[in-house]
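The next block holds one structure in the form of structure tokens; read it before the comments.
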2 protein chains.
Amino acid sequence: MITASEENYLKSVFKLSEKDKSVSTNDLAQSLGTTPASVSDMVKKLSEKKLLAHQPYKGVKLTQAGKKIALDIVRKHRLWEVFLTQTLEMKWDSVHEIAEQLEHIQSQDLIRKLDAFLGYPRFDPHGDPIPDENGKIEERKTILLGEAKKGAVLLLAGVLTDNSDFLQYLDQQQVRIGSRLTVLEILPFDKSVSLSTGKKQITFSALVCQQLLMMEEV
Amino acid sequence: MITASEENYLKSVFKLSEKDKSVSTNDLAQSLGTTPASVSDMVKKLSEKKLLAHQPYKGVKLTQAGKKIALDIVRKHRLWEVFLTQTLEMKWDSVHEIAEQLEHIQSQDLIRKLDAFLGYPRFDPHGDPIPDENGKIEERKTILLGEAKKGAVLLLAGVLTDNSDFLQYLDQQQVRIGSRLTVLEILPFDKSVSLSTGKKQITFSALVCQQLLMMEEV
DNA sequence: AAAATAATTTAGGTTTGCCAAAATTATGAT
DNA sequence: ATCATAATTTTGGCAAACCTAAATTATTTT
């Protein structure tokens, strides 16, 4: 059996993994809101279970088995987020916390039926792709808004954080997934960006722009 | 904070409580699938938290605070069961286990919105009443099928067990919540009961009859 | 290359919830 | 009323998941 805590560790490793790089103990502790010592403990356990490959002092990677579990948790999390926003009409800034709990509910059948009920959604309310039952994730060509050039016209494809304040701020600015944004100006001084939403003009700080995933119009 | 385990204990005490009677350690252990020693441990903790009133060697009762929590868990459990059967179209014999997990999800807002989405149902798929937000439970005059007299015409109001085999058996017999049953004969020998469902004739053992909650036609 | 600093692991300890075995208390039979 | 049995509690111990502080290893600076 795999516990909720173990699932959270695997999910964090997955999220922190870039390319073929190892994930450090410290980063994991940060991401999980725990201490490096606790991470060492759990990493040892998950390595023994062959869900993580651990090189002492060098970091961890997911094994095939570990990745499968991580993707399953991510899938469940994102499907529940769709349910909460679409079916129960909750706001996108409040669903993450609840999905953190729901993702640990154990029932294949439940998730299959939920998926069907929701109409097999491919993206969650934050624009993140939902892995299918085999762990396959839809790829899209995206760039950060911070990397866009002046004059570019792009659609908001996703946000890189679930931070509630951040999402509420976007709501306030009437910016949501799918919004069409035109880059009017990039301030050389602080890299903040002036944009047109069609209706009005807004400015995003460089920090905000690092959280916004953009794509070309279809 | 209250843990899932604590919630389960309170729920079990609630379910085993009859009138003003105390619930015994042994019965609790049985109901929770654990040992009397473990129950003693947890009873001590919940008594210290003022959720249970414990008289050593005499049993426990719920306090007001404990009852409130228990009713809240029952409410969540039954609302989720409605969701699983009605929205996701799962069978009534498979929802109990999943609802056992879902009942521990923490979010007032979620449950309120779920309740609204489901149309404020008053009974779950097994015919059990769903407490409202204040813990109020709808009362109905019901009797066990085992207590019905020959000639009685009654509606199936509920079942007293979530046992999957039992529910599948009822399904097979085409007996469900709301079914109208006429008592044709009661065998003196073993108290088994012959019934007419309108379409066909069936016989239920005394044990089965002790699990079926019946009410007068409205 | 050695020293200083940073990252990681280990050691030792806590809490929660569980259990088996032993001790205690209540209950039913004679 | 006493004894036997059943129910309950206590004792001592285990595993999971966490923590702080100390020890170890890696990395960076000088």
Task: Average other protein chain Cβ within 10 Å of Cβ, residues B:82-91 - done: 3
TODO: Could you compute the FRET efficiency for B:LYS21 and A:LYS49, with r as their C-beta to C-beta distance and R0 at 35 Å, rounded to 0.05?
DONE: 0.15
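Mind checking the full-extension length gain between B:GLU217 and B:GLN173? Use 0.36 nm per residue of separation minus the Cα-Cα distance, one decimal, nm.
Extra length from B:GLU217 to B:GLN173 when fully extended: 13.8 nm.
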Task: Across the identical copies, how the B:ALA53 labels are spaced - nm, sorted shortest first, 7 Å along Cα→Cβ - done: 6.2
Task: chain A: most fluctuating residue of A:TYR169, A:TYR120, A:TYR57 per GNM, C-alpha cutoff 10 Å - done: A:TYR57
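FRET efficiency for A:LYS200 and B:SER5, Cβ-Cβ distance as r, R0 = 41 Å, nearest 0.05?
Rounded to the nearest 0.05, the efficiency is 0.20.
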Open item on the list: Within 10 Å, at most 11 other Cβ atoms, and a DSSP state outside H, G, I, E, B define an exposed site. Report the longest part of chain A free of exposed GluC sites (Glu not before Pro).
Closed with: A:140-216
Open item on the list: Which residues belonging to the range A:93-139 lose at least 10 Å² of 1.4 Å-probe accessible area when the assembly is complete, relative to their chain isolated?
Closed with: A:ILE98, A:GLN101, A:LEU102, A:ILE105, A:GLN106, A:SER107, A:ASP109, A:LEU110, A:LYS113, A:LEU114, A:PHE117
TODO: Please express the shape of chain A as an equivalent ellipsoid: the semi-axes are the square roots of 5 times the eigenvalues of the C-alpha gyration tensor, given largest first in whole angstrom.
DONE: 33, 22, 15
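What does the charge count near A:GLN174 come to, summing +1 for each Lys or Arg and -1 for each Asp or Glu among other residues with Cβ under 10 Å from its Cβ? Don't skip to the end; give the middle numbers.
Details: positive: A:ARG176, A:LYS199, A:LYS200; negative: A:ASP171.
Counting the neighbours of A:GLN174, the net charge comes to +2.
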- [ ] Step through the table entries A:LYS15/A:LYS150; B:LYS21/B:LYS76; A:LYS19/A:LYS76; B:LYS19/B:LYS141, compare each Cα-Cα distance with 27 Å, and write down the pairs that go over it.
- [x] A:LYS15/A:LYS150
TODO: Multiply the residue separation of B:LEU184 and B:GLU97 by 0.36 nm, subtract the distance between their alpha-carbon atoms, and state the gained length in nm to one decimal.
DONE: 27.8 nm
Open item on the list: Using only protein heavy atoms and a 1.4 Å probe, how much accessible area in total is buried between B and A, to the nearest 100 Å²?
Closed with: 1500
Open item on the list: Defining a contact as two alpha carbons under 8 Å apart and six or more residues distant in sequence, what relative contact order in percent does the range B:115-217 show?
Closed with: 32
Task: Accessible area of the protein assembly as shown belonging to carbon and sulfur atoms, whole % at 1.4 Å probe - done: 50
TODO: Counting only heavy atoms of the protein chains, get the accessible area per residue of the protein assembly as shown (1.4 Å probe) and round it to a whole Å² value.
DONE: 55
Task: Distribution of pairwise C-alpha distances over the protein assembly as shown, 20 Å bins, in % - done: 20, 45, 27, 8, 0
Task: Translational D in µm²/s for the range B:143-215 (Stokes-Einstein at 25 °C, 0.890 mPa s, Kirkwood Rh from C-alpha pairs) - done: 205
TODO: At 7 Å along the Cα-to-beta-carbon direction for both B:LYS149 and B:ASP132, put a label point, then send me their distance in nm to one decimal.
DONE: 3.5
TODO: Please give, to one decimal in nm, the separation of the simple spin-label points placed at B:ARG140 and A:GLU89, each 7 Å out from Cα toward the Cβ.
DONE: 2.9
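The values are calculated or read from the model by the stated rules, or taken from the named source; none is laboratory data. Predicted model, so just to flag it, every value in this text is computed and none were measured. When we count neighbours, we look across all protein chains shown, and the Cβ atoms used for this are built from the backbone with ideal geometry, even at glycine. Heavy atoms of the whole protein, side chains included, go into the accessibility calculation; ligands, DNA and RNA do not. Shrake-Rupley method; radii C 1.70, N 1.55, O 1.52, S 1.80 Å.
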